[in-house]
1. I'd like the residue in the stretch 172-193 that is loosely packed, with under 15 Cβ neighbours inside 10 Å and not acidic (D, E) and, out of all such residues, is modelled with the lowest pLDDT.
2. Anything in the stretch 107-126 that is touching a Gly at 6+ places or on another chain (Cβ under 7 Å) and in a helix (DSSP H, G or I)? List them, or say none.
3. Can you confirm whether I150 is within 24 Å of E166 (Cα to Cα), surrounded by fewer than 16 Cβ atoms within 10 Å (Cβ to Cβ) and not basic (K, R)?
4. Looking at the stretch 1-16, which of its residues are crowded, with 16+ Cβ neighbours inside 10 Å and modelled with pLDDT of 95 or more?
5. For E142, are the conditions met, namely being at pLDDT below 95, surrounded by 14 or more Cβ atoms within 10 Å (Cβ to Cβ) and charged (D, E, K, R)?
Amino acid sequence: MALMDWIGETATTVLEGPGVSLRHPRAGDFAEWSQLRAASRDHLQPWEPLWPHDDLTRTAFRRRLTAYQREIELGHAYPFFIFAGGRLVGGVTLSNIRRGVAETGTVGYWIGQTHTGRGYATAAVRALAEHSFGGLKLHRLEAACLPANIGSRRVLEKAGFRREGEAKAYLKINGVWADHLLFGLLAEEVSRR
C-alpha cells in the first residue's frame, strides 16, 4: 500500500495558502522530490539531521512513505509536500502530536534552495497552523530552529509564532547536538488574526 496513493479522508487533505498547496507525499513524487533534495543538499544539510547514505533512493523513499502512512493512521504526524505553480518546492510536517492534556504538535519544514525567499515556507506554515487548530483541534504548536538559521526564524515570526526560549543541545543536527531557539503558537492567537 505504501506505493499507492493513500485512500481515505486524510489522503485527500489538501491545504491551501497564498501561492501554495500542500498535500501528502505520493509514490509518484519520487523523481521530483529526489531531484529537488539532491540539488539542495548543500543548502539543507547544515540545518537537518545527517542524511542516511541511501536517502535519495527509491527504496528509501518507499520506506519514508510507509512511515508517513503509519504516522497518519495513528494520528501522530501529518507530512505534506509544498507545491507552488504545480511544482514541488519543499515540505512541511506536523509531528509529535500529543493529545489529552497537551493537544499540541511540532512543526518542521524545508524549502528547496532555488525556491527560498519567496514566502512559500511562511504560507505553508500558516496553512498548516490553520488546519492544526481547525480540523485537528490542537491547542498549541511548537517549532525550533538553530540560532544561526535566520531564514527559518523569520518564517516562524511571520507565521505568528513567538520566541519562548532556548534549549541547549536540543536536536542532533548535521551530526552535532545543537542549541535551538524555541517558538510557540496558540490556537487563540491564530483565531484573533
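The values are calculated or read from the model by the stated rules, or taken from the named source; none is laboratory data. What you see is a predicted model; the values in this text were computed from it and never measured. With ideal geometry, Cβ positions are generated from the backbone for all residues, glycine too; neighbour counts draw on all protein chains shown.
1. Only one residue tops the list, namely R193.
2. H115, Y120, A121, A123, A124, R126
3. Considered against the rule, which asks whether it is within 24 Å of E166 (Cα to Cα), surrounded by fewer than 16 Cβ atoms within 10 Å (Cβ to Cβ) and not basic (K, R), I150 comes out as yes.
4. Answer for the stretch 1-16, where residues must be crowded, with 16+ Cβ neighbours inside 10 Å and modelled with pLDDT of 95 or more: just L15.
5. Answer is no for this residue.
This table checks each residue for (1) surrounded by 13 or more Cβ atoms within 10 Å (Cβ to Cβ); (2) at pLDDT below 95; (3) hydrophobic (A, V, I, L, M, F, W, C); (4) touching a helix residue (DSSP H, G or I) at 6+ places or on another chain (Cβ under 6 Å).
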{"position": "A31", "(1), (2), (3), (4)": "no, no, yes, no"}
{"position": "P52", "(1), (2), (3), (4)": "no, yes, no, no"}
{"position": "D55", "(1), (2), (3), (4)": "yes, no, no, no"}
{"position": "R99", "(1), (2), (3), (4)": "yes, no, no, no"}
{"position": "G112", "(1), (2), (3), (4)": "yes, no, no, yes"}
